[in-house]
Amino acid sequence: MRKRTHEGSPRSRLLVLVDESNVGSSVRTAGRGLDWLKLREFLAGPATGRELIEMVVYAGLPPAIPIWQEERDKKNKFMHWLRSNGFMVVTKDGSPADEGRYKANVDVMMAIDALELSVEMHPDIVILVTGDADFAYLAIKLRRRGIRVEVASVAQNLGNILKSAANEVIDLAPLFKTFEMMKIEDAPPQEQQQRQQRQGRRRPRFRPPPSRNL
């Protein structure tokens, strides 16, 4: 837990940018559901001694086609919940990919916004909630502006290049352990399908061939 600032001292202005797909995948790998309010409290709550400017969530949406409509409506409902709870949300429509999946890469949007918001909002600290090594150059660019850059992720999903580019790494693994366990049916359809495929590929137990009567 970070130390509180001394009473009367100015608090650092904090901007948090979240790669929703990356952090969501990490927490589901741990078998937990993502508690967004706890995440915000952990990174930017009163106990940190920092002043949160904005926490911006970047999320890809399922394609706007009939086969994905149900999942898209569900995701949009969740985005509405985030906005209603004070998060700033930026979305991008996805496009169909192979094997019943879709892709919606928000990396470029998040990187451009990070630079623009750093100019407009003048944060002292930027926390990048992602383990994607593609954000390493962004971290360096922000540090060149005199901004402290922290990366929040879990060790197994954090690229070494991004780790070395940041001022500090915040390990989210202990926080994830406080989240509620996730049911398989609560996972996104793509992950449900992957789990079913993994289960279907399990090797059967070895059984010896039947003995022959001589």
Tell me, what is the FRET efficiency for Ala173 and Ala64 to the nearest 0.05, using R0 = 35 angstrom and their Cβ-Cβ distance as r?
-> 0.45
Distance violations [Cα-Cα > 26 Å] among Lys75/Lys141; Lys75/Lys177; Lys92/Lys141; Lys38/Lys77; Lys38/Lys74 | Lys75/Lys141
Under 12 Å from the Cβ of Asn157, count the other residues' Cβ atoms, weight Lys and Arg +1, Asp and Glu -1, and hand me the total.
-> -1
Report, in debye and to the nearest 20, how large the dipole of segment 1-134 comes out about its Cα centre when Lys and Arg carry +1 and Asp and Glu carry -1 on their Cβ.
-> 580
Got a sec? What order do Val90, Val119, Val56 fall in by accessible area at 1.4 Å, biggest, i.e. largest, first?
-> Val119, Val90, Val56
Taking 0.36 nm per intervening residue step and subtracting the Cα-Cα distance, what contour gain separates Asp73 from Ala97 on full extension?
-> 6.7 nm
Extension gain (nm, one decimal) between His80 and Ala47, 0.36 nm per residue minus Cα-Cα = 9.2 nm
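The values are calculated or read from the model by the stated rules, or taken from the named source; none is laboratory data. On a predicted model such as this, the values are computed, not experimentally measured, just so you know. We place every Cβ from the backbone using ideal geometry, glycine too, and count neighbours over all the protein chains shown. Areas reflect the complete protein model, heavy atoms only, side chains present, ligands, DNA and RNA absent. Shrake-Rupley method; radii C 1.70, N 1.55, O 1.52, S 1.80 Å.
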